[in-house]
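To keep things clear, I will list the structure first and then write my remarks on it.
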Amino acid sequence: MNRSAVSTALVLAVFSLAPVGGHVIADEQPLYGYSAESSRAERQWEEKLRAIPSPENLRSYMEHLSARPHHVGSDYDKKNAEWIASKFKEFGLDTHIEEFEVLFPTPKERAVELVDGGPKFVAKLQEPALNVDPTSNQQSEQLPTYNAYSIDGDVTAPLVYVNYGVPEDYEQLERLGISVKGKIVIARYYHSWRGIKPKVAAEHGAVGCIIYSDPHEDGFVRGDTFPAGPFRPPDGVQRGSVADMPTYPGDPLTPGVGATKDAKRLKIEEAATITKIPVLPISYGDAQPLLAALTGPVAPEGWRGGLGITYHVGPGPAKVHLKVKSNWTMATIYDVIGKIQGSAFPGEWVIRGNHHDGWVNGAEDPLSGMTAVMEEARALGELVKSGWKPKRTIIYCAWDGEEPGLLGSTEWAETHYDELRAHAVAYINSDGNGRGYLQAIGSHTLEKFSNDVARDVTDPETKLSVWKRVQLHEIADAKTAERREEIRKRADLRIPALGSGSDYTAFLQHDGVASLNIGFGGEDEGGIYHSVYDDFYWFTHFSDRDFLYGRALAQTGGTAVMRLADADLLPFEFGDFADTVETYVKELKKLAQDSRDEIRERNREIEEGVFQATNDPRRPLVPPAHEAEPPFLNFAPLDNAAEALTRSAKEYRKAFDAANAGGGLASSGSLAQVNALLISSERHLTNAEGLPNRPWFKHQLYAPGYYTGYAVKTVPAVREAIEQKHWQQADEAIVVVAHVLQDEAEVIASAAQKLSAAK
Ligand SMILES: [Zn+2]
């Protein structure tokens, strides 16, 4: 018990009958990290905040920002940044625009033609304007369909269909006896981030890569196509970056440093993230004649898409000409940065962001999230005008250049690396938003925090808390009784880890800033992603039409930002975190064991003659090669580290409960040293060397998979070494990661000691 606990207990008695938002607060637990007194005040401010965001505003922001194409380098991109900045200023934020100079190729020549092996065919590479859709005809301002950061190339070669174009697909091709060496591959979108497809194709010797949208994934197989329904029409194309972002995101010419005007730059030829082979995206209208002209083996069952043809793998006789030539120019990007100065701890920053650039009109991606973030900024500004003083500094960011490669956020996080390492409490990101369930993903030290926020926001459709709705949805989806039991009993819902795909990447994985990504979704699907049809017309017909989930996102994000900004003790919690690390260690052991079992079994089958006996001479398969059995790995250092984490998480919880006993925590002033340690806790999960072969990625628990791109690989140095069968590297990585986790356990333990001592 401490000095202020006595006084807050008195305050609680005085206020215990005061109704707050219809509840009597006497029974309420103080918010995690708050004294009873400050919790009461915080709840009142948060209720006020959640009453402010308005669907009409969200609609009008979106209508304005999506009126014209607003990709990097366009006139309207700059105008949007200036408009958002003027709005931030109007809301009362101290706002400026920060500019960077980035490499941004745009197409000069594009061609895909069937030159042999079928009827001559020239791909349209064009999305037609539709009468009902008023912005679809802005062709003079639309970026043509292309994949940014494809190298220039002009190749003619036989075509091979490679399914999703991920490493497992090439293992299948090997069994079929098919090589892509010297060929052009055609891969369908999905099942990996798109940049993985040309990377893996080039590693296997292909000379070109075409990526198309199969109707099976987001076209007529899923539902009615636009404009009758939300799905991808025959000529709809998914634009997108193919830079090798799992190596490093951001401007390809300035890895690790901000792309300021006078930054030292690589030559274009030296940039490791530009593709090795030319790449173009096409529609299924354009893909069908190419795929129909393939013969060779019938595609394995899981490879068959939704076009009305028999899918063959090739190679040939279809022979394709692929040409890509870009203008390799520099573009200026405009990050909008708006601040509300903290009253007590101005040197502790809570950062919130969303990108503002789109591939074309970009209503869903990114404006459905961006408009909510703007409305949050307005709501916080209103609270400040009515007397609210956040303890910590709040920074709202509207990033530019997310689409080509997380450019705006990465360059900002690199430029301000030292400041962010010193000051950043957390980064909360959003991107697209829609109707449905709250998805919170991110740092497990914030798992409890994100659950707590979700308990205080009301779902627009069911009027349940968004937390309750997610919990019930997870029960409905759970595959096993064991999992359902966990969802029902565990205090907090588990949150997944972050891979990549949006602007949290540099904050979390380069700077070591605890991060969350939040957004609603799951009820409205569609097939307009990165096409000219992702616009105001589509969004207001097929997605969050009345902007109620935009409002819910503003309420969720605003609550999260306020609660971090005002907490006496920052609401990091390590029990959930340690529990998650334990599950990762279990997974890694199982992965190693499964790999060993699989190789041993296959070797046995090779010796038994299984592959010869089951080979159909008319559809021959190449038997797999004998592989050396993997050695046993030494997981002891990781086991010890995970246990140390669990131990210090318990110590911290004990210290927290003791400090909290009898009515509340000490005032935040005396908790300053504890907060400093809490802020540093995510930093300690990074190391200076970064991951093997990709030193830009410094976080030792979370990274985008080198061969998945969006999807996370947790404990990446160990997991990817096992997956890639680099056994010695795996053993070495175990020691490195264990060291990082031991270090983290010490930080948590000293936070526990400081908290016990805080008076
Ligand atoms: Zn986006």
Task: Likely footprinting exposure, Cys397, Cys209, fewest C-beta neighbours within 10 Å first - done: Cys397, Cys209
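Per Stokes-Einstein, at 20 °C and 1.002 mPa s, what whole-number D in µm² s⁻¹ belongs to region 518-664, with the Kirkwood radius over Cα pairs as the hydrodynamic radius?
Rounded to a whole number, D works out at 96 µm²/s.
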Open item on the list: Which residue, Ser595, Asn634, Trp538, has the largest displacement toward the positive end of the dipole of region 537-693 when charges sit on each Cβ (Lys, Arg +1; Asp, Glu -1)?
Closed with: Trp538
- [ ] Please give the peptides 353-366, 564-577 ranked by average Cβ packing (other Cβ atoms within 10 Å per residue), highest first, as a rough proxy for protection.
- [x] 353-366, 564-577
TODO: Among DSSP beta bridges whose residues both lie in the chain, state the antiparallel percentage, nearest 5.
DONE: 65 percent
Task: Theoretical ellipticity at 222 nm over the chain - DSSP helices of four or more residues, -39500 (n - 2.57) apiece, nearest 500 - done: -12000 deg cm²/dmol
Open item on the list: Check which residues have an amide H placed less than 5 Å from Thr95's amide H, if you skip close sequence neighbours.
Closed with: Lys339
TODO: In debye, nearest 20, what is the charge dipole magnitude of region 140-265 about its Cα centre with +1 on Lys and Arg Cβ and -1 on Asp and Glu Cβ, if you could check?
DONE: 220 debye
Task: Translational D in µm²/s for region 188-234 (Stokes-Einstein at 37 °C, 0.692 mPa s, Kirkwood Rh from C-alpha pairs) - done: 275 µm²/s
Task: Dipole magnitude of region 609-759, debye to nearest 20 (Cβ charges: Lys/Arg +1, Asp/Glu -1, about Cα centre) - done: 500 debye
Open item on the list: If you filter region 586-652 for trypsin sites (Lys or Arg not before Pro), then keep DSSP loop positions with at most 10 other Cβ within 10 Å, what is left?
Closed with: Arg618
Task: Burial order of peptide ranges 242-254, 718-730 (average beta-carbon count within 10 Å, highest first) - done: 242-254, 718-730
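So for each of 497-509, 159-171, 289-301 I average, over its residues, the number of other beta carbons within 10 Å; can you give me the resulting order with the highest mean first?
Order by mean packing, descending: 497-509, 159-171, 289-301.
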- [ ] For region 193-329, calculate the relative contact order in percent as a whole number, restricting contacts to Cα pairs under 8 Å that are 6 or more residues apart.
- [x] 26 percent
- [ ] Please report, in debye to the nearest 20, how large the charge dipole of region 32-180 is about its Cα centre when each Lys and Arg carries +1 at its beta carbon and each Asp and Glu carries -1 there.
- [x] 480 debye
Task: Compactness of the chain, expressed as Rg and Dmax over alpha-carbon positions, Å - done: 26.8, 87
Open item on the list: Run the reach check for Lys319 against lysines, Cα to Cα strictly under 26 Å, same-chain hits fewer than 8 apart removed. What comes back?
Closed with: Lys108, Lys120, Lys124, Lys181, Lys183, Lys197, Lys199, Lys276
Open item on the list: Please rank Phe635, Phe520, fewest neighbouring Cβ atoms within 10 Å first, as an exposure proxy.
Closed with: Phe635, Phe520
Task: Pairs of alpha carbons in region 410-537 whose separation is greater than 17 Å (percent) - done: 65 percent
Open item on the list: Report the Rg/Rh value for region 243-402, based on alpha-carbon coordinates and the Kirkwood definition of Rh.
Closed with: 1.15
Task: Convex hull volume of region 350-407 per residue (C-alpha atoms, cubic angstrom) - done: 67 Å³
Open item on the list: Once you keep just the Cα pairs under 8 angstrom separated by 6 or more residues, what percentage relative contact order results for the chain?
Closed with: 18 percent
Task: Principal axis dimensions, largest first and in whole angstrom, of region 82-129 by Cα - done: 64, 27, 13
Open item on the list: Need the list of lysines near Lys389 for cross-linking: C-alpha distance under 28 angstrom, and skip anything on the same chain fewer than eight residues off.
Closed with: Lys48, Lys87, Lys89, Lys339, Lys448, Lys754, Lys759
Open item on the list: Cut-off is 10 Å between beta-carbons; in what order do Asp492, Asp224 appear when sorted fewest neighbours first?
Closed with: Asp224, Asp492
- [ ] Using only the Cα atoms, work out Rg/Rh for region 260-315, with Rh taken as the Kirkwood radius, to two decimals.
- [x] 1.28
Task: Among Trp193, Ile84, Pro300 the positive-end extreme of the charge dipole of the chain (Cβ point charges) - done: Ile84
Open item on the list: At a threshold of 8 angstrom on Cα-Cα distance, excluding pairs fewer than six apart, so keeping six or more, what relative contact order does region 340-425 reach in percent?
Closed with: 47 percent
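Any read-out appearing in this document is the output of simple, stated calculations on the displayed coordinates, not a laboratory observation. Not measured: the values here are computed from a predicted model. Positions of Cβ are generated from backbone atoms using ideal geometry, with glycine treated the same way; all protein chains shown enter the neighbour counts.
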